[in-house]
Structure formats: C-alpha cells, structure tokens
Amino acid sequence: MNSSIQIAEAEKLAKTLVDRTSEGKLSWEPDGTLLSIVSTTDLSGATVFSTTLEGNLRATISLAKQKRAELLVFSLVEFDPQWQSSMSLIASVNAKPDKEILSVSIEKDPSFGYDTPDEMRLNGLLVDLYALARRSALKLEGSVEKALTYLDRIAG
C-alpha cells in the first residue's frame, strides 16, 4: 500500500522523468538484472527499464503481473557505483546494498477504479513513463522513422 506522501513524491518525480525523456535528455536501458536470463540480442520482451541519475541514483519502471492484474512498479534507489562496476565475487560480498529511496506500485487498470485522484494521476504518468522508457531502451524512434520514410517513398 502506498502512502499519500509516496504518491505525491512519485508523481513529481515521474512527471519530471516523463518531461526529460520526451525532450531526449534522458535515456533508458533494459534493466541489467534480467539481461543475464534473457537473450541480449532480443530485448523486445523486456519489461523492466532503468536510468541512472546523478551518478548513484537509479530510477526504474516496470510492468509486473500479480494474479490477473498488471502493476506498474516505480522506484528510486541509491546504489554503490563501485559495486556496479566490479564483477568480482569479493566486491559483491563487501558491497553496500542498494538503498531504496522511493518505491510505489499501482494497478495499471483496476476493476474498481482508483482510491484517490492522486493515484489516478500517478497511474497516467507511470503509463506514459513506461511507454517512453521502453521506446528509449529499445531504440524504437529510429525504427518508426525508417518505416515512415519507407512508406512515404513507396507512396510517392
């Protein structure tokens, strides 16, 4: 359950991330924790996307299934950059764990609606952020532009 404070903080952060991603100032990556399981040549099934902010802050947006519902999960964590760059077992044992700063989850399309208008606004922002993060991580803009150019060429 999300508190009203978490909802308000997440709403401000998500709005800024949507704006910066739309402006092309922020890029997203498929989350690295899943890349070892999923083939790195086909990332189209990725559902977790992250971006690094200010050196050691990472924002993550994901789509998760919980029973029949789909949840949008949004978090901000502070991580140890030395651990991220080191792949040795010794470094992972001595590393500080990620410190969760903010974490909210909200049902994408609740059957009974949202409890508050703030939750509804946050949902809209997280849906937009997820779509933008996915497009950025999978580099879909270039593919869409190529398709449009091709279609224009064959129409003319």
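Among the candidates LEU148, LEU89, LEU140, the residue that is loosely packed, with under 10 Cβ neighbours inside 10 Å and at pLDDT below 85 is uniquely LEU89. Restricting attention to the stretch 31-66, the residues that are under 27 Å from ASP109 (Cα atoms), assigned to a loop (DSSP other than H, G, I, E, B) and modelled with pLDDT of 85 or more add up to 1. Could you list, in sequence order, all residues of the stretch 111-137 that are touching a residue at least 24 places away in the same chain (Cβ under 8 Å) and surrounded by fewer than 14 Cβ atoms within 10 Å (Cβ to Cβ)? THR116 - this is the single residue of the stretch 111-137 that is touching a residue at least 24 places away in the same chain (Cβ under 8 Å) and surrounded by fewer than 14 Cβ atoms within 10 Å (Cβ to Cβ).
Residues of the stretch 45-73 that are among the hydrophobic types (A, V, I, L, M, F, W, C) and more than 14 Å from the chain's Cα centre (by Cα): ALA69 alone.
The values are calculated or read from the model by the stated rules, or taken from the named source; none is laboratory data. As the structure is a prediction and not an experimental result, all values here were calculated from the model. Cβ sites come from the backbone with ideal geometry, for glycine too, and all protein chains shown count toward neighbours.
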